[in-house]
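Student: Handing you a structure now.
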Ligand code: A2P
């Protein structure tokens, strides 16, 4: 985190469920104390986990994050998944047979609780993640809607460019934040490993060679040039630095078109373990 701030990163994508908001807060405080940044230079995204969807649990859930981070506000707070799980502190609630325990999902009621957080000043912006078009429309068409989602954070990279969801979000002023911009890790619990690794792609590597860059830098630059917010993840200081060195070259229109054509309309992150949830978002075309 401190390396990232020193390199120049200011947008940090976090979540209570990642279990590191205490460390994140401490690192930011240290970088504020040493004069590298001010709190207001940092843009932190936090997430409401699925066991806290009931409206009365939303504010306490945010307050847990604020306390850990030692912040008095969060820049962006988003509903992590459109899937409500059995409320409580067990983050992956299951029965004795291992079956996930769900909860009736009322996305509009949860959204209204997020709107209240914005009104209270505890969060600057509110948004969603992993929502499909139908679920976005549920919110957008909600009677009495106060605030539209500022963002929809979804998987997005050259193998999964999300053309239709992007068009829909663009038409409603919803920013796409693209997760897994490097094609994510190869952890088979989360990831469809049948799709080859993005960074091994021949085209990305040949474009990279032309600019003396890496395939990762080309994948990130591609998203930047098509106005997708990118949140690359790395635990490695060299790669954290590498992923920031994308502002000194640009891809031609022809290269942008070729890279766009890599789209396979297949996601790495399918969340199949929750496929039987009534609000599982990825059965719809987009
Ligand atoms: P590591 O943490 O060892 O750097 P995504 O952002 O798409 O979810 O991808 C994250 C994965 O990509 C992590 O496994 C991370 O590993 C790896 N990664 C991050 N940056 C690079 C890079 N520049 N080149 C190769 N792999 C990278």
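The values are calculated or read from the model by the stated rules, or taken from the named source; none is laboratory data. Worth saying up front: this structure is predicted, and the values here are computed from it rather than measured. Every residue, glycine among them, receives a Cβ derived from its backbone with ideal geometry; neighbour counts consider all protein chains shown.
Student: Residue 45 fails exactly one of the following numbered conditions: (1) under 26 Å from residue 240 (Cα atoms); (2) touching a residue at least 60 places away in the same chain (Cβ under 8 Å); (3) touching a helix residue (DSSP H, G or I) at 6+ places or on another chain (Cβ under 9 Å). What is the number of that condition?
Tutor: Failed condition: (3).
Student: Still on this model: Which of the residues belonging to region 167-188 are touching a residue at least 12 places away in the same chain (Cβ under 8 Å) and away from the ligand (no atom under 11 Å from the Cβ)?
Tutor: Within region 167-188, 168, 169, 172, 173, 174, 175, 176, 177 qualify.
Student: Mind checking which residues of region 146-160 are touching a helix residue (DSSP H, G or I) at 6+ places or on another chain (Cβ under 7 Å) and away from the ligand (no atom under 14 Å from the Cβ)?
Tutor: 146, 147, 148, 149, 152
Student: Considering region 82-102 alone, what residues qualify as being assigned to a loop (DSSP other than H, G, I, E, B) and crowded, with 16+ Cβ neighbours inside 10 Å?
Tutor: Hits for region 82-102 are 82, 83, 84, 87, 93.
Student: Any residue at all in region 211-232 that is within 9 Å of the ligand (Cβ to nearest atom), within 17 Å of residue 12 (Cα to Cα) and out of contact with any strand residue (DSSP E or B) (no Cβ under 7 Å at 6 or more places or on another chain)?
Tutor: Yes - at least one qualifying residue is present in region 211-232.
Student: Sticking with this one: Looking at (1) exposed (fewer than 11 other Cβ atoms within 10 Å of the Cβ); (2) within 15 Å of the ligand (Cβ to nearest atom), which is the only condition residue 253 fails?
Tutor: (2)
Student: Condition first: in a loop (DSSP other than H, G, I, E, B) and either at pLDDT below 95 or under 19 Å from the mean Cα position of the chain (by Cα) (or both). Now tell me which residues in region 105-145 satisfy that. Before the answer, list the steps.
Tutor: As a first pass, look at region 105-145 and keep what is in a loop (DSSP other than H, G, I, E, B): 105-106, 121-122, 130-132, 141-145.
Selection gives 105, 130, 131, 132.
Student: Any chance you could count how many residues in region 59-77 are part of a helix (DSSP H, G or I) and either closer than 19 Å to residue 153 by Cβ or in contact with a strand residue (DSSP E or B) (Cβ under 7 Å, 6 or more places away or on another chain) (or both)?
Tutor: We begin by selecting, within region 59-77, every residue part of a helix (DSSP H, G or I); these are 59-69.
After this cut, where a residue has to be either closer than 19 Å to residue 153 by Cβ or in contact with a strand residue (DSSP E or B) (Cβ under 7 Å, 6 or more places away or on another chain) (or both) as well, the list is 61-62, 65-66, 69.
Of the residues in region 59-77, 5 are part of a helix (DSSP H, G or I) and either closer than 19 Å to residue 153 by Cβ or in contact with a strand residue (DSSP E or B) (Cβ under 7 Å, 6 or more places away or on another chain) (or both).
Student: I've got another one for you. Look at residue 90 and say whether it is closer than 13 Å to residue 117 by Cβ and in contact (Cβ under 8 Å) with a residue 24 or more places away in the chain.
Tutor: It is false that residue 90 is closer than 13 Å to residue 117 by Cβ and in contact (Cβ under 8 Å) with a residue 24 or more places away in the chain.
Student: Applying the selection to region 27-36, what residues are in a helix (DSSP H, G or I) and surrounded by fewer than 16 Cβ atoms within 10 Å (Cβ to Cβ)? Working first, answer last.
Tutor: Here is the first cut: in region 27-36, the ones in a helix (DSSP H, G or I) are 27-33.
Residues satisfying the conditions are 29, 30, 33.
Student: Considering only residues that are assigned to a loop (DSSP other than H, G, I, E, B) and out of contact with any helix residue (DSSP H, G or I) (no Cβ under 6 Å at 6 or more places or on another chain), look in region 202-231 and name the one that is surrounded by the fewest Cβ atoms within 10 Å (Cβ to Cβ).
Tutor: Among residues in region 202-231 that are assigned to a loop (DSSP other than H, G, I, E, B) and out of contact with any helix residue (DSSP H, G or I) (no Cβ under 6 Å at 6 or more places or on another chain), the one surrounded by the fewest Cβ atoms within 10 Å (Cβ to Cβ) is 212.
Student: Does residue 56 qualify as being under 22 Å from residue 124 (Cβ atoms), more than 19 Å from the chain's Cα centre (by Cα) and outside any loop (DSSP other than H, G, I, E, B)?
Tutor: So residue 56 does not fit the description; no.
Student: Here is a follow-up. All but one of (1) part of a strand (DSSP E or B); (2) near the ligand (Cβ under 10 Å from one of its atoms) hold for residue 199; state the number of the condition that does not hold.
Tutor: The one condition residue 199 does not meet is (1).
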